[in-house]
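Report on the following structure.
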Amino acid sequence: MADVVPIARAAAAGGADAVSLVNTYLGTAIDWRRRRSVFPRGFAGLSGPAIKPMALLAVARTAKAAGVPVIGIGGIATAEDVLEYLVAGATAVQVGTSCFWDPAHPVRLADEVTRLLAAEGISDVRDLVGTLDREAPADRGRGDPGRGDPGRGDTERPPAESLRTAEPRTAEG
Ligand SMILES: Cc1cc2nc3c(=O)[nH]c(=O)nc-3n(C[C@H](O)[C@H](O)[C@H](O)COP(=O)(O)O)c2cc1C
């Protein structure tokens with residue numbers, strides 16, 4: 001898959017007010033008895049929860065580096081998903097596939113987002129946008145056992161380590 005950051009930068013340089021990402025990822029399904037893809041073109045677009053981890057990374061990288069507002073899309077099915085995208089840096093989100101099984105789903109997601117924010121004591125949703133790797137109130141005073149160092153808090157964690165080091169690779173690479 002192409003690296004979306006330079007594409008988003010080019011869009012911003014060309015005057016885009018915002019970019020939306022991601023679209024579907026290419027995939028296939030095979031009828032092994034017929035030795036053929038079930039899709040006439042041999043592939044089709046994969047959407048829904050399966051693509052969320054990849055989409056979330058693309059959004060986080062772009063929001064951090066492209067200097068243009070990002071609309072986060074890909075696999076959003078719960079209010080938790082919405083809030084993850086906001087923390088990754090999206091200033092808005094789109095809900096696609098989940099509308100196929102329930103067209104009113106986004107309305108309930110918005111209500112649930114409001115409830116979750118209130119439960120966390122967040123009065124303005126904008127306070128959450130782009131806060132990846134910033135200290136969260138829930139972590140204040142706690143160590144970071146995930147790094148094997150109980151005395152070390154999140155404030156000391158190098159920022160967005162994974163975003164910097166895991167360079168995207170093409171399908172060929
Ligand atoms: C049936 C279908 C049709 C789509 N048509 C378009 C389209 O015409 N233009 C577009 O930019 N994206 C289109 N998409 C991509 C969605 O806008 C969205 O980027 C993608 O499905 C990932 O989000 P989701 O997991 O919430 O569905 C389509 C997706 C699906 C499943």
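Annotations for the structure displayed:
- Projection of the Cα convex hull of segment 74-115, averaged over all directions and equal to a quarter of that hull's surface, yields 2.7 nm².
- Residues listed by number, segment 3-38, amide nitrogen under 13 Å from residue 46 label point at 7 Å toward C-beta: 24-30
- Once the Cα-Cα distance is subtracted from the 0.36 nm per residue extended length, the residue 119 to residue 24 segment shows a gain of 30.9 nm.
Read the figures in this text as sums done on the coordinates, not as results from a lab. Everything numeric here is computed off the predicted structure, so don't read it as measured data. FYI the Cβ positions are ideal-geometry reconstructions off the backbone, even for glycines, and counts take in every protein chain you see.
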